[in-house]
Amino acid sequence: MQQRKELSEVAKLFFKLGCVGFGGPAVHIAMMEKEVVQKRKWLSHEQFLDLVGATNLIPGPNSTEMAMHCGQERAGWKGLVVAGLCFIMPAVVITGLFAWAYQQYGQLPQVTPFIYGIKPAIIAVVVSLMITLGKKAFTSIQLIIVGKIAAALALYGFHEILILFGAGLLGILLQLARNRKHTLQNVFPFALLQLAYTTSNIFDWKIFWIFLKVGAILYGSGYVLFAFLDAELVRTNMLTKQQLTDAIAVGQFTPGPVFSSATFIGWQLQGFPGAVAATIGIFLPSFLFVALLNPLIPRLRKSRFMSAFLDTVNAASIALILAICVEMGKTTVTDWKTILIALLGFACTFLFPKINSAFIILGGALSGYLLSLV
């Protein structure tokens, strides 16, 4: 009875976040922190930070994996599955409708004014989250220095996974320097998934394999996804560059994970069976990675060396998200209208801390549309 109640809570929360989660991984994580840490107390700030850091170390869509982690923490492995499916499903359904309409009419609706307002609102929400989590992550001078170095390297163009693992290694070395008598005895397990390649009339296994490979090895944002799919599909003439560009655009202006772009692409390639194959393929590795990683995090915390690893990775993760905000700000907050939207977003997050972040994002979208009429 208790587990059924917990599963119901997980399903309702992550379905809601999947419906209103505009803006990409950083803002999704901000929404989750407000819901599962501040509002529901399912996790402490420290536990949530550990999950953020661990999620950044594995391939796949970070916010979807965070949803799975939170679901597992609340309701076990069933919670992992329920949270992941409920968070993904709204985006997949909405993207599927766009994909069908696009195939019928060959164009997307005009959404530029809304995106114009959403982006500065996203920056306000994410920076607010980083201030909250930063107080927990930067607990020493060493971690502050690590964070500054990580942010500088990210802005300079270094790959985020190199920064994260480099930060973790630095944390271990600092711990070794503090206590030379102990040796490192922890090893990260890695699993590889190998599936048979067959053909079917109701499920396109070729498309499934392409997207499974992408989901199993992809680190980074939707822009990295764009580069991967360009190599896999555009250069092999399976998809046009315009179709790929439109797919990524759909993933960005619909709620939920940007990886729902896979649904759109699969539909353009092979209709409904292609959409199903692409969607399952790109998200399946995340379920497996999270199921393997989640039980290890508390054990890693018990080791001084791996605890130091997690602390520095957490600090670097916060720094990376702030670096993304800086880069986004350069191209987003460019005139008085976007500055106004960003400032109003900041004001709302600080004056009304209990307000749902989705309302700030939707308010930004509406403001962008109204200001575009000026």
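The values are calculated or read from the model by the stated rules, or taken from the named source; none is laboratory data. Bear in mind that the values here come from a model prediction, so they are computed numbers and not experimental data. Quick reminder, even Gly has a Cβ in these numbers, built from the backbone with ideal geometry, and neighbours come from all protein chains shown. Surface areas here come from the heavy atoms of the whole protein model, side chains and all, with no ligands, DNA or RNA. Shrake-Rupley method; radii C 1.70, N 1.55, O 1.52, S 1.80 Å.
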(request) Report whether or not residue 95 is part of a helix (DSSP H, G or I), open to solvent by less than 10 Å² (accessible area, probe 1.4 Å) and at pLDDT below 90. (result) no
(request) Would you please list the contacts, defined by Cβ atoms under 6 Å and residues six or more apart or on different chains, that run from a residue in region 299-310 that is within 14 Å of residue 165 (Cβ to Cβ) to a residue that is modelled with pLDDT under 80 and outside any helix (DSSP H, G or I)? (result) 306/186
(request) Determine which single condition residue 250 fails, assuming it passes every other condition in (1) farther than 27 Å from residue 120 by Cα; (2) of a type in the set (A, V, I, L, M, F, W, C); (3) in contact with a helix residue (DSSP H, G or I) (Cβ under 7 Å, 6 or more places away or on another chain). (result) (1)
(message) Quick check on my filter: what residues within region 1-58 are assigned to a loop (DSSP other than H, G, I, E, B) and surrounded by 18 or more Cβ atoms within 10 Å (Cβ to Cβ)?
(response) 21, 22, 23, 24, 42, 43, 57, 58
(request) Might you let me know whether region 330-337 holds any residue that is exposed (fewer than 13 other Cβ atoms within 10 Å of the Cβ) and β-branched (Val, Ile, Thr)? (result) yes
(message) Of the conditions (1) on the phi < 0 side of the Ramachandran plot; (2) touching a residue at least 24 places away in the same chain (Cβ under 8 Å), residue 23 satisfies every one except a single condition; which number is it?
(response) (1)
(request) Look through region 282-307, keep the residues that are open to solvent by 10 Å² or more (accessible area, probe 1.4 Å) and small (Gly, Ala, Ser), and return whichever of them is modelled with the highest pLDDT. (result) 291
(request) Return yes when residue 340 is open to solvent by 40 Å² or more (accessible area, probe 1.4 Å) and either in contact with a helix residue (DSSP H, G or I) (Cβ under 8 Å, 6 or more places away or on another chain) or touching a residue at least 60 places away in the same chain (Cβ under 8 Å) (or both) and no when it is not. (result) yes
(message) Can you pull out every residue in region 327-359 that is among the aliphatic types (A, V, I, L, M), over 13 Å from residue 121 (Cα atoms) and under 22 Å from the mean Cα position of the chain (by Cα)?
(response) 355
(request) Give, as residue ranges, the helices (runs of 4 or more DSSP H) completely inside region 146-249 that count at least 2 residues that are of a type outside the set (Asp, Glu), modelled with pLDDT under 60 and farther than 18 Å from residue 270 by Cα. (result) 222-229
(request) Name every residue in region 125-145 that is touching a Phe, Trp or Tyr at 6+ places or on another chain (Cβ under 8 Å) and modelled with pLDDT of 80 or more, in order of residue number. (result) 144
(message) If residue 279 satisfies all but one of (1) in a helix (DSSP H, G or I); (2) open to solvent by 40 Å² or more (accessible area, probe 1.4 Å), what's the number of the condition it fails?
(response) (2)
(message) I'd like to know if region 65-88 contains one or more residues that are within 24 Å of residue 368 (Cβ to Cβ), assigned to a helix (DSSP H, G or I) and either among the hydroxyl-bearing types (Ser, Thr, Tyr) or open to solvent by 20 Å² or more (accessible area, probe 1.4 Å) (or both).
(response) no
(request) Report, by residue number, each residue of region 150-166 that is more than 20 Å from the chain's Cα centre (by Cα) and either buried (at least 17 other Cβ atoms within 10 Å of the Cβ) or within 14 Å of residue 56 (Cα to Cα) (or both). (result) 153, 166
